[in-house]
Structures are given as C-alpha cells and as structure tokens.
Amino acid sequence: MIFEDLNQAQKEAVEKVGGPILVFAGAGSGKTRVLTHKIGYLINEIGIPPQNILAVTFTNKAASEMKSRVQSLVSSDASKVNVGTFHSVCAGILRRQIHKIGYTNDFTIYDQNDSKSLLKEVVKTLNFDLKTFDPRTCQIKISQYKNKLQSPENVASLATDIFEERISLVYEEYQKKLKAFNSVDFDDLLLLPLQIFKDSINTLEFYQSQFQYILVDEYQDTNMPQFEFIYSLSKVHKEICVVGDDDQSIYGWRGADINNILNFKEAYGNATTIKLEQNYRSTKVILEAAWSVVSRNVHRADKKLWTNNKSGEKINVNACDDEKHEARKILSIIQDRTKEGMKLNDFVVLYRTNQQSRAIEDVLRRSSIPYQIVGGIKFYDRKEIKDMLAYLRLAVNPKDEVSFQRVVNFPHRGVGKTTVEKIISFAGDKGIHALDALSKISDINIGKKQKQSLNYFFELINKITLMAKDSSPIEIVTQLITSLKLKEYYLDQDTSESTDRWLNIEELISSIQDYTDMNKGSSLSMFLEEVSLLTDIDRWNDQNDCISLMTVHSAKGLEFPIVFVCGMEEMLFPHASYLESDSEMDEERRLFYVALTRSMQRVYLLYAMRRLKFGSGYIPTSPSRFLNEIPLEFLDYNKPNVTSFKKKSFFSASKSLSKNVDFTPNTKVEHGVFGQGIVLSVEGVGEEQKLTVRFRGRQIKKLIKKYANLKKV
C-alpha cells in the first residue's frame, strides 16, 4: 500500500532512509504524495513512533491535508505526528519553553497591524519624525534584520548613516516594548526558539531527541532563521528529508534564500539527491512554455519536467485595449467555456498585485458571476473582528497594551485620547501595566464619568479573564458580546455598514463554535493562536462553485483546469520593483513559471495596451518580456481590437507623454542624495513633470523634474 501508484523516482524518495536527502520535486510531480507516503513508510516499515516525526510545511491547509493522507496509510494514530507550519511548530515550542527567556507562556502573537501600531508608538516615544520613520517602513526594515538574524546591536554597529542608526534605536525599543507587553511578532516566532536553544543546551537536546526524523516541504522558501531552526534540530542525527523546487522559489522579498536548497549538500555533507521530473498535472505545451522561460535563469539546478499527458491546446495570448477590456475578455472566455461543460471552480484568475482585481471584480459582479478572492482584507483583519479578538487577547494576556488601547474605548464609553495617555503615563510612573492602572483609577486625574466607564471596563476584563481559565472559547465570546450589548450597538446604527459588521461578528461566533466542537477541551489561548497563524489560503474553499481570484504568490501549491494570468505587461509582470538586479528578475521569472504550472489544461495570458494609473490617467504599456521568451509554436495570439476605443485619444496621450520628455518609464537615473534608481512613471509634460522613481533599498520618491537634478545612467 505504501508504494502503490508511485513511479520509480517517487519510490526511491520514499524508501531512502539514512542520512540527509534532498528531493527536487518539480511542479505537479507528486511531492505531497511522496511526503505522506514517506511518513507512512517511516512508521510502518522503519518503526519510528509517530510522535517522533516532525513534518514542516508552509500553510496550515497543506499540514491538514498531509495529516489526513498519512492517517489513511498507517494503522497507528497519525494525529501524533508533529505536522505544522514553521510558525505553528515554533509557537508550540514557545508555549512550553518561552519562560526560559523572560516571557510568560500566555504571550500574544502580534500580526502586522498590531506590530505597526506598536512601532508608531515607539517612533513617537523616541521623538522621531513619523514621515521619515514611517511605521510600515520601520516594520519592513526590522523584519529584514530579523530574517538575517541581526540584533539591534548588530544593526547599530553596522550603521553607515543617521537613518540606520535611528532605525536600530527603533528596533531596540520595539523589542523592549514587545517583551514588556509579553508579546511576539511573526518573525520572533522563528527567532526566539533559536535563542532558547542557544541559552539552554538541555532544551535543544530534548527536541533533537524527540524529533528522530524531520521532513521539510517547500524547502526552497526557507529563510535564514528557518534554516537554522531545522539545522539545529537535525545536525546530530542528520535524519532529514527536504523537498522543494528552486524554480518555484518566489519569496526572496520576505527573506527566503534559494541557496538553502541549492547548497543543501554543502550544509549537510554526504546527502542523497533525487529528482522528481515527471509531471502529472499539465499538458506538454504548458510545460514546454514554462521551461522556456525559467530555463533562462542561470542560478538553478539542472532539471526539466516531462509528462505523458497530451500535448494540449496552445497558450492563448490576448492583447486588450485596457484593464476593463481585459476583464470583459476574461468573462467572455469563462462564459464560452462553461457552455462547454466547465464549472466555475475550474477557473482561476491570477495577477501580480492585489490592485488588479478591482476591474475583474466589477465585471463579475455586474454579470452576477460568483467569485471568491484570496487576499485583500482578510476576515480576521476587519475592524470589528480585531476589536473582538483584542478583548479576548487582553483576557489571556493582561500585559498586552496594544489590545488595551484598541478596546478601552470600544464600544464608545467616553474615554478619549487624553484620558488614555494619562492612564499610560500613570502606569509608566508606577511601573505597572495599563490594565493594572485601572485598579487604581481613583488616583488618576480624570473625570468622574470616565472613571465609572473604566471601572466597568476593568470589571468586564477581569470577568472574562476568570472565564478564560476554565470556560470554552464559545462560552467566553458569548458572554463578552452579551456584556458589551454588541448586537444592539451595531444594529441600532441602522446602516448597511453596521449591519455588515454585525454579520461578520456572527460569522466569528460560528467559527469559534466550529473550533470548540472540533477541539474538545480547547482553551481560549489555543483558539487565539490558531487565528494568529491563519494564512490567506486557509480560508479559501475549493468546493465552492465560483471563480477564484488571487495573486500568483497565493496560488503556489494549487492547481486548476484553466488559468488566466492578466496584466502581462512590463513594469507590472515583471514588476517595476524587481528590475534592479539579475537575481530579482530571476525571481519574477520563477513567479511566472509558477503561474503557468498551476494549469492542468489551458492557459490564457492577457495584457492591456494602456492601463489606468492613479493620478496619471491612462498611460501606454508594453507587453511583458516573458511573452517573447516563449517560442511562438506554443502561443496562439489574438490581435487587439483597437476600434473599441478612440485611437486619437490613445495616441495623443502617448504623444503628450513623450513630447519634450527626457525621462520615460524604465529609464535608469541617478540622484545626488538617493543614488541610482529607475523611473516608474511620468506625469505631465515639460519642467513641471512629476516623476515617480524607485531608488535602491526600494525607496519610492515623487520628484518634480525641474528640481530633481536627475541624470540618466
């Protein structure tokens, strides 16, 4: 049963045990089957207890699917296998071990919005300019430092200018605040276990002993902390199998290092390499087209996918007038294909950036075509949901000041900004937390009504804190909503927006009920951790009969009979932000490879000859270089219908942009202060032109031509 339906390479990967193993698994080559069958083989044939196996994936959805498949292969309890994402595995270790580095085990996990809120407070505390030290910019920089395992002290010692010196101070103060609030951000989930392993050799040895065999999925997407985590656990016994595909390494922008997979043998010594090159998903045409693009990358392992599937239809390329025409073309093709018997959930529309979905959504809505979108505003990022979660987090972790500030005046109870500042100032003077300060409210110089409101708030938090010790998550949230009279609060406003917010609260209640039913005896802390670790794709339902819309990044690991890739234009795909170096262009090429190889039957590529740019009107575009990298024999071009818009207005716009203009999009330039960069867009004419330029370090600047003193490079 373990070797049933496996090809020779898959069988070899499953039964090879003893020493490090690298499996190059191309798109659609059955890597999930190999991983699950290998776990089954380790349990049934090698005799490793399920609890001594660790399998790490990149999405909760993949982890859940892996557990389910393993259970069908083994007689023992597969639920004992440690399967999870890097973040969930590390969070589990921290729940048991974080007290060893000065936190308590009821810590809060901050998402990006929470982190940004805290950084804003830090920048203000340090009296730095919020425009120069924008919280989002600080967040990106600090995440980059953490992905390189650089501490605030490292950053300070390597600083080359005043900006980097001050960023190191922001980083240092941010980490102090996180610890004071008994909270961690997403990057800390990966870093803090490494700190514990370093400080406590006994703890490291415990986990090295527990995890007798380690498997890692999507190894090409690991960053430095993830590599160090896996290496620390496996360096003694070296019983490790990693599976991945360097051609699908698309997360360099968030720290992933393709060298982790390309240099695996160097890191682990005498490693076995196995290649899975038979594709079971796509047609021959799709694979040849995808390979013709990605094979242009020099820094890649030598391999090429092949398939016994049919040749299939050529890739259809559609030149469209603009993004509205592009959306209508997608709808028209879907309508034609559904008449032939295709279902709506057979289609996915992929794009490079989330902003591209708007025109497509508009067309689908007007035609009453059901669709689901992955990305955009996540359910758990909606204001009303975050408000509820902040209450629950405060009940679990009273030190969480970000959550305190979020809900101390929600629903509105007359507690303004000045009152909150007085509470926080009082708490700071007394060396206590903001919530603790409410127990001494009589000593704070605020109004009588505010004191009454805050007393009620304090009692409510204490009430649900007590419930959190022994009540189920659904009991706690039900009590909280009743105490806050939340249903009345939203529905009494009698607006469509407030009604929608209440409906979202009801969906939250349903999700908590489902969680409680499926996880008997679970705590509120466990529910909050699960919510914190959810990804976009975890809420996607492939059973719904509707069209899926998502970025190419979100689509990795998925497959669909028919794939649309829209926005196939220079500066969009490949994206303008990734034209600085060969390595960045290589990643864009890999991203396009991922887009093509999601398809089982047919691919449609679309580009617009002009696209609406915010604040600039319509500007001309040029087709993506990737289209030229695919041999014509695999393409079927549909010529543009230029009569569907006024030729005169289009070409006059093109002329007005180029008249007396020294700079055009994609021009490389140099600035006296910001250094070298590339022009992203040009607005207006003459000396008053507004130029949007991306400089090194991905700094985006808007400059007036006559003042900018830019030089062409």
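If I model a spin label as a point 7 Å beyond the Cα along the Cα-Cβ vector, how far apart are those points for residue 366 and residue 482 in nm?
With each label placed 7 Å out from Cα toward Cβ, I get 4.9 nm.
Just in region 122-220: which trypsin sites (Lys or Arg not before Pro) are loop by DSSP and have at most 15 other Cβ atoms within 10 Å?
Here the trypsin sites (Lys or Arg not before Pro) that fit, given the DSSP loop and packing criteria, are 131, 148.
Before anything else, pin down the relative contact order of region 1-140: Cα pairs under 8 Å, at least 6 apart, normalised by residue count, whole percent.
It comes to 16 percent, rounded to a whole number.
Among 561, 259, 419, whose Cα projects farthest towards the positive end of the dipole of the chain, with charges put on the beta-carbon of Lys, Arg (+1) and Asp, Glu (-1)?
419
To the nearest Å, what is the center-to-center distance of region 65-96 and region 620-637, using C-alpha atoms only?
44
What whole-number distance in Å separates the alpha-carbon centres of region 400-456 and region 222-299?
51
What residues qualify as long-range amide H neighbours of residue 611, i.e. H under 5 Å apart, gap of 5 or more or another chain, H built at 1.01 Å from N?
Hits under the 5 Å cutoff: 619, 621.
What pairs from 179/422; 378/449; 324/668 go past 27 Å between their alpha carbons?
Flagged as over cut-off: 378/449; 324/668.
Under a cut-off of 15 Å between alpha-carbon atoms, report the aspartates and glutamates in cross-link reach of residue 705, not counting same-chain residues fewer than 8 places apart.
Of all the aspartates and glutamates, those that pass the test against residue 705 - Cα under 15 Å, at least 8 places apart if same chain - are 662, 670, 683, 687, 688.
Suppose we keep just the alpha-carbon trace of the chain; what are its Rg and Dmax in angstrom?
Spelled out, the Cα radius of gyration and Dmax of the chain are 27.4, 80 Å.
Please list the non-local residues whose amide H lies under 5 Å from the amide H of residue 216, H modeled 1.01 Å from N, same-chain partners needing a gap of 5 or more.
For residue 216, the qualifying residues are 56, 241, 242, 243.
Using label points projected 7 Å from each Cα along Cα→Cβ, tell me how many nm separate residue 338 and residue 151, to one decimal.
Here the answer is 5.9 nm between the modelled labels.
Aspartates and glutamates near residue 38 by alpha-carbon distance under 14 Å, same-chain residues fewer than 8 away left out - which ones?
4, 5, 12, 15, 217, 239
Within 10 Å of each candidate Cβ there may be at most 11 other Cβ atoms; applying that plus a DSSP loop requirement, which trypsin sites (Lys or Arg not before Pro) in region 460-490 survive?
In loop regions of region 460-490 (DSSP not H, G, I, E or B), the sparsely surrounded trypsin sites (Lys or Arg not before Pro) are 485.
Can you send over the solvent-accessible area of residue 96, 1.4 Å probe, protein chains only, in Å² to the nearest 10?
Estimated to the nearest 10 Å², residue 96 gives 140 Å².
According to the square roots a ≥ b ≥ c of the eigenvalues of the Cα gyration tensor, what is the shape class of region 12-166, taking rounded for a/c under 1.5, prolate for a/b larger than b/c otherwise, and oblate for the remainder?
The shape class here is prolate.
Quick check on my link table: of 124/198; 275/556; 120/383; 177/417, which ones sit more than 22 Å apart, alpha carbon to alpha carbon?
Beyond 22 Å: 124/198.
The values are calculated or read from the model by the stated rules, or taken from the named source; none is laboratory data. In this text the structure is predicted, and so the values were computed from the model without any measurement. Please note: Cβ atoms are built from the backbone with ideal geometry, for glycine as well, and neighbour counts cover all protein chains shown. The area values use the complete protein model at the heavy-atom level, side chains included, leaving out ligands, DNA and RNA. Shrake-Rupley method; radii C 1.70, N 1.55, O 1.52, S 1.80 Å.
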